[in-house]
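Have a look at the structure below, then the notes.
Here, each number is a calculation from the coordinates, and none is a lab measurement. Just so we're clear, the structure is a prediction, and the values are computed from it rather than from any experiment. Neighbour counts run over all protein chains shown; Cβ positions are idealised from the backbone, glycine included.
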Amino acid sequence: MRFFTQRRHFRDLSEKEVLALAISSEEDDARIYRSYAERLRSDFPDTAAVFDGMATEEDEHRRRLIALFESRFGGTIPLIRREHVAGYYARRPVWLVENLGIERIRAEAEAMEHDAEHFYHIAAQRSSDPATRALLGDLAAAEAGHQRHANALAEAHLDDDARAAENRSAHRQFVLTWVQPGLAGLMDGSVSTLAPIFATAFATQDTWTTFLVGLAASVGAGISMGFTEAASDDGELSGRGSPVKRGLASGVMTTVGGLGHALPYLIPDFWTATITAFIVVFLELWAIAWIQNRYMETPFFRAAFQVVLGGALVFAAGVLIGSG
């Protein structure tokens, strides 16, 4: 198999190389934890303190591993990293995780330690050399110790009040970045496209033409809403988050809102398609009211009245214009 890959298999590594791999892995994990801490420090200082402590713990284990290496093999540590070893557990790039939210980062850190412990346990079980088996077992115990220490740090820095405050902050950021622009887009796509779609439907009674008008209106509105949302606020002062994320949420949901009642017109029969579109519109409007109630804390019946009334007026305008 070496002909097909330049990576070494773990079973082919010497004890010296295994120890060097453990040292580089500990160094990488410390850097990842510090990156998480810096990412979270401004908004979630208590969780940042947890990751600072975990990074310090990784540094301590790395120093102990280096001391052990020097006592057994001398001061020259070979350069071997996890990407050099086939089957060795990988680490997700920091930039793919740091934008996923605080709970995902916490879960990712827990998985990091669990993966390392599991890998070393399996490697130790497969080793026939007593010294190597003992070394891998020690590494597995060290990773388990990291998890226990992380839990202790979390208890020290994240009491119930601190965790609740950070969760509220994370929820608020989620609402500002994703829910608000997505809801605005869904409302615009669902309501504003009612008039052109149903005006075309009743004016032509041609389902394919109606679908094309609905598709054009939905996609055009999605592009317009997406760029408008992204360009209207860079998020620096308002704290609403990335303009790209907000523009994406708004644009996609605008398109979805319009396509919901355009797609039924793929049905060839006009009245079957129109009745289906009526049902879809009803479901869309109630979904909007539910989202407003769930995330925006708007009383459900007030939200329903506002959305249904606005949708009914736009729908009636479209039908009247198309019928005339």
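Tabulated data
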quantity	calculated
Virtual spin-label span in nm between THR56 and SER224, 7 Å along Cα→Cβ	5.7 nm
Extension gain (nm, one decimal) between TYR89 and PHE270, 0.36 nm per residue minus Cα-Cα	59.5 nm
FRET E, pair PHE301, ALA141, Förster distance 56 Å, beta-carbon r, rounded to 0.05	0.45
Amide hydrogen neighbours beyond the local backbone of ARG91, cut-off 5 Å, H modeled	none
Contact order normalised by residue count of the range 164-323, Cα under 8 Å, 6+ apart, percent	33 percent
Full-extension gain in nm, ARG7 to GLN125, via 0.36 nm per residue minus C-alpha separation	40.3 nm
Burial order of peptide ranges 313-322, 208-217 (average beta-carbon count within 10 Å, highest first)	208-217, 313-322
Relative packing of peptides 67-77, 190-200, 45-55, 260-270 - highest average C-beta neighbours within 10 Å first	190-200, 45-55, 260-270, 67-77
Summed residue charge, Cβ within 9 Å of ALA142's Cβ, Lys/Arg positive, Asp/Glu negative	-3
Residue-span extension gain [LYS16 to SER71] - 0.36 nm each, minus C-alpha spacing	18.7 nm
Note, ³J(HN,Hα) from phi for the range 11-20, Karplus 6.51, -1.76, 1.60, rounded to Hz, x at Gly and Pro	5, 8, 7, 7, 4, 4, 6, 4, 5, 4
For the range 164-323, radius of gyration divided by Kirkwood radius, i.e. Rg to Rh on alpha-carbons	1.04
